[in-house]
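All remarks here apply to the structure that follows.
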Amino acid sequence: MDQKLKQRLLEQSDASIGLKDEIWGRLESQLDATSPQAASYKAKRKSSKWMKTTTGIAAAAIALVAFLALPPGTALMKSVQSWFAPEKKIEISVEGQKEQTNGQVHVDEESRYAIYYDKDRYKLIPDEGKDTITTIEELPAPYPQVSLTIEQDVKQTPEQLANQVAAQLAERFSKVDAVERVSSPVDGYRIHAINGNDRLSEVATVYVTSNKLKGSFVLSLEYFLEAAEGHGARFEQTVKQFEVLGPSEQ
């Protein structure tokens, strides 16, 4: 989120400088380029433009330093949440085909995270300490559960928690892959598990990432083998929309 604020400040500075250049350009085009007054004006304009550009950059730098000096949880930090559009189009790849989904935002104030999910296919069920994204209509038997759950562990780092998650999965699944360090769809660790090779075999993919403090977020994807390129791929794209908001004011 800090990076987004930095970018917003720099973009506003660039826009101001561009507007000044446009105004100067229009004035210049209206003068007779061959007149002594025009020559004098151009010299003054060159000097003035340099001063205005320098002033604009300096203003952006001062604003950026001022923002970074603010403690987490101030009104400015809290206002960042309003930057999330309630809905947005998200392009995903499912079974080799590109498609756009209607993403709806969910901002968890207590756990300090935001995520967009496909509102046409899934619903989000909030619960104490855990949010679950699952199909709007419950799948009939014998299909296994299809869900993406988001939980937070405030005491353990991703490095500590990843091996613990792998051990827990080993109690439920016949095959659990080694813990893998990843940078996408989140920066953290990935653990993949599966029960057999039947079309309805249960599959779990778990991502563990930092909560930007001393703890971790655990994002657990559960589906079945036949749905790996459907629900599985959609959940992977959903995890890419996950964003930690950082600490709030205590």
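The values are calculated or read from the model by the stated rules, or taken from the named source; none is laboratory data. Because the structure is predicted, anything quoted here is derived from the model rather than measured. Here the Cβ is made from the backbone with ideal geometry for all residues, glycine too, and neighbour counts use every protein chain on show. Side chains included, ligands, DNA and RNA excluded: accessible areas come from the protein's heavy atoms. Shrake-Rupley method; radii C 1.70, N 1.55, O 1.52, S 1.80 Å.
Listed here are the residues, each with its yes/no results for (1) buried (at least 16 other Cβ atoms within 10 Å of the Cβ); (2) at pLDDT 95 or above; (3) among the β-branched types (Val, Ile, Thr); (4) outside any strand (DSSP E or B).
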residue	(1), (2), (3), (4)
VAL107	no, no, yes, no
SER111	yes, no, no, yes
TYR117	yes, yes, no, no
ILE125	no, yes, yes, no
ASP131	yes, yes, no, no
GLU137	no, no, no, yes
PRO140	no, no, no, yes
For segment 193-238 the number of residues that are of a type outside the set (S, T, N, Q) and in contact with a Ser or Thr (Cβ under 9 Å, 6 or more places away or on another chain) is 24
Of LEU148, LEU161, the only residue that is open to solvent by less than 70 Å² (accessible area, probe 1.4 Å), more than 20 Å from the chain's Cα centre (by Cα), touching a residue at least 40 places away in the same chain (Cβ under 8 Å) and closer than 12 Å to VAL218 by Cα is LEU161
Within segment 202-216, residues over 19 Å from the mean Cα position of the chain (by Cα) and either in a strand (DSSP E or B) or crowded, with 16+ Cβ neighbours inside 10 Å (or both) come out as GLU202, VAL203, ALA204, THR205
Out of (1) part of a loop (DSSP other than H, G, I, E, B); (2) open to solvent by less than 60 Å² (accessible area, probe 1.4 Å); (3) modelled with pLDDT under 95, the one LEU70 does not meet is (2)
Taking segment 217-250 and keeping residues touching a Lys or Arg at 6+ places or on another chain (Cβ under 8 Å) and either crowded, with 19+ Cβ neighbours inside 10 Å or not in a helix (DSSP H, G or I) (or both) leaves PHE224, ARG234, VAL244, LEU245, GLY246, PRO247, SER248, GLU249
If we keep only residues of segment 164-201 that are among the β-branched types (Val, Ile, Thr) and assigned to a loop (DSSP other than H, G, I, E, B), then the residue least open to solvent (accessible area, probe 1.4 Å) is VAL186
